[in-house]
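The values are calculated or read from the model by the stated rules, or taken from the named source; none is laboratory data. Note that the coordinates shown come from a computational prediction; the quantities given were computed from them, not determined experimentally. Ideal geometry is used to build each Cβ from the backbone, glycine not excepted, and the neighbour counts take in all protein chains shown. The accessibility values were calculated without ligands, DNA or RNA, using every heavy atom of the protein model including side chains. Shrake-Rupley method; radii C 1.70, N 1.55, O 1.52, S 1.80 Å.
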Amino acid sequence: MSETVKVPTMAEYMAEGKKPEVLFWVGCAGSFDDRAKKITKAFVKLLHNANVDFAVLGTEESCTGDPAKRAGNEFLFQMQAVTNIEVLNAYEIKKVVTACPHCFNTLKNEYPALGGAYEVMHHTQFLKSLLDEGRLRVQGGKFKGKRITFHDPCYLGRANNVYEAPRELLQKLEVELVEMKRAKRNGLCCGAGGAQMFKEPEPGQKDVNIERTEDALQTKPEIIAAGCPFCNTMMTDGVKNKEKEDSIEVLDVAEMIANAQDL
């Protein structure tokens, strides 16, 4: 996406005395990781296309505290969470959408106990709602008929029972959706959860992401669809490990919808 897209901040909205329909919580991966930035841009493109009035926190956004909490540092998690909650509450935020299931789960389920209660949606849920309202059109385009398998992020699927939204969006792209033998409730972690994303794995017989990539490869996909920046990284590394990067792409659902028409 070469054209520049304007993304307003909450501070700018506040200065004009306006409130956006939704706050887009970008997350650390979506802000700093070069691969995940592409997902952020694709999602922003879709929000613009659907005429969604949204804003981001910009430099006022900090890590939700998910990695700290999963790694066992509850004290650091609460410090990070309370700082974010003060910012969100000062802006009187009601609705949050994020492309990261870790942010989604933490904001939705762990912030209320610390004084931060918001309606929190994963980006696939939000895109599905835009589709249902007729604000977003999804067409197959270059993905029509392609063989796709979807990897369920742990914090979207098993932790929050969100299975259908990403699949319904993919089906609107008119793809051939092929489920892995371990899918939905029986899905397998990509290997990045529990703060494992930020460290090397312990010695063992096989890395988790390789095991999960093998699950995906059994479906003989052209594309492995993901709904989480961490999963995207782990599955991409797995595909490279199997030397399949020339024939198999790993794409976020939002990227697929945004790029379907860029033939």
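Check cross-link reach from Lys146 to the lysines: straight Cα distance under 16 Å, and skip same-chain residues fewer than eight apart.
Lys172, Lys220
May I ask you to compute the full-extension gain from Asp246 to Glu222, defined as 0.36 nm times their residue separation minus their alpha-carbon distance, rounded to one decimal in nm?
Separation in residues times 0.36 nm, less the Cα-Cα distance, equals 7.6 nm.
For Glu119, Glu214, Glu16, what's the largest-to-smallest order of accessible area, 1.4 Å probe?
Glu16, Glu119, Glu214
Sorted by packing (mean other beta-carbon atoms within 10 Å per residue), highest first, where do 120-127, 28-35, 41-48 land?
Output ranking for 120-127, 28-35, 41-48: 120-127, 41-48, 28-35.
Per residue, how much accessible area does region 137-260 show when a 1.4 Å probe rolls over the protein heavy atoms, in square angstrom?
On the way: 5750 Å² over 124 residues.
Computed with neighbouring chains in place, this is 46 Å² per residue.
At what distance in angstrom do the alpha carbon centres of region 171-194 and region 67-146 lie from each other?
Their Cα centres are 20 Å away from one another.
Express in % the proportion of alpha carbon pairs of region 118-263 at distances exceeding 21 Å.
Roughly 42 percent, once rounded to a whole number.
Enumerate cysteines in the chain without a disulfide-compatible partner, where compatibility requires another Cys Cβ under 4.7 angstrom.
Cys28, Cys63, Cys154, Cys189, each lacking another Cys Cβ under 4.7 Å.
Mind checking which aspartates and glutamates have their Cα closer than 14 Å to the Cα of Lys94? Skip sequence neighbours fewer than 8 apart in that chain.
Once the sequence-local aspartates and glutamates are set aside, what remains near Lys94 is Glu21, Asp53, Glu86, Glu119.
At Ala15 and Asp132, where each label point lies 7 Å from the Cα along Cα→Cβ, what is the point-to-point distance in nanometres?
For the pair Ala15/Asp132, the computed spacing is 3.7 nm.
Could you check the spin-label model distance between Ser31 and Asp53? Points 7 Å from the Cα along Cα→Cβ, value in nm.
2.5
Mind ordering 236-249, 95-108 by average Cβ neighbours within 10 Å, highest first?
Descending mean neighbour count gives 95-108, 236-249.
What percentage of the solvent-accessible surface of region 78-159, computed with a 1.4 Å probe over protein heavy atoms, is contributed by carbon and sulfur atoms?
Roughly 47 percent of what the probe reaches on region 78-159 is carbon or sulfur.
Can you compute the modelled spin-label distance between Lys144 and Ala159, with each label point 7 Å from Cα toward Cβ, in nm?
It works out to 3.8 nm between the two label points.
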